[in-house]
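The structure appears below as structure tokens.
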Amino acid sequence: MTNCLFCKIAAGQIPSKKAYEDANAYAFHDINPQAPTHILIIPKQHIGSINDVTDAHEGVLGHLFTVARGLAQDQGLADDGYRLVVNTGANAGQTVFHIHMHLIGGRGMGWPPG
Ligand code: 5GP
Ligand code: ZN
């Protein structure tokens, strides 16, 4: 999508601190980290939010979990634990409407989230 921040980041048109990349996924460090590790994992394909997901997206979105597992291991988070978050819509505080998975770790976290 032409005017999407995360499409531009995935295409390298806007700089980011890359954590992982393959043909279908891109991961980069959040500009405003909420924990010692805070990485955003996105599909290269533009999908606005979970509200826009269809059966056709299952492969590319399921793949994000494999990427998350690898990054969690790389970052040394696997043993102590981490959180994967997909904010959706206004009540959840979604600010960028290109679907993304937050990988957050490196500190203890409370539940329920704010
Ligand atoms: P959301 O609130 O939509 O779930 O998360 C959007 C995330 O994107 C926020 O954590 C925010 O800090 C991050 N973010 C917004 N703009 C940029 C950017 O230009 N670069 C990077 N690396 N992260 C961004
Ligand atoms: Zn996009």
Please give the solvent-accessible surface of HIS29 in Å², to the nearest 10, using a probe radius of 1.4 Å with every protein chain present. 60 Å²
Just by accessible area at a 1.4 angstrom probe, what is the order of LYS17, LYS44 from largest to smallest? LYS17, LYS44
Counting only heavy atoms of protein chains, what accessible area per residue, in Å², does the chain have with a probe of 1.4 Å? 59 Å²
If SER49, SER16 are ordered by their accessible area, calculated over protein heavy atoms with a 1.4 Å probe, which sequence runs from highest to lowest? SER16, SER49
Rounded, prolate or oblate: which one fits the range 34-82, using the alpha carbon gyration tensor with axes a ≥ b ≥ c (rounded when a/c is under 1.5, else prolate when a/b beats b/c, else oblate)? prolate
Would you tell me the accessible area of MET1, worked out with a 1.4 angstrom probe on the heavy atoms of the protein chains, in Å² to the nearest 10? 140 Å²
Ignoring everything except DSSP H segments at least 4 long, calculate the 222 nm mean residue ellipticity for the chain; use -39,500 (n - 2.57) per segment, divide by total residues, nearest 500. -6000 deg cm²/dmol
Of all accessible surface on the range 11-105 at a 1.4 Å probe, what whole percent is carbon and sulfur? 48 percent
Measure nothing fancy, just the Cα-based angle from helix 58-74's long axis to the longest principal axis of the chain, in degrees from 0 to 90, nearest 10. 30 degrees
Between the range 19-73 and the range 83-102, what is the C-alpha centre distance in whole Å? 11 Å
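The values are calculated or read from the model by the stated rules, or taken from the named source; none is laboratory data. Here the structure is a predicted model, which is why all the values come from computation and not from measurement. Surface accessibility is based on the protein's heavy atoms, side chains included, excluding ligands, DNA and RNA. Shrake-Rupley method; radii C 1.70, N 1.55, O 1.52, S 1.80 Å.
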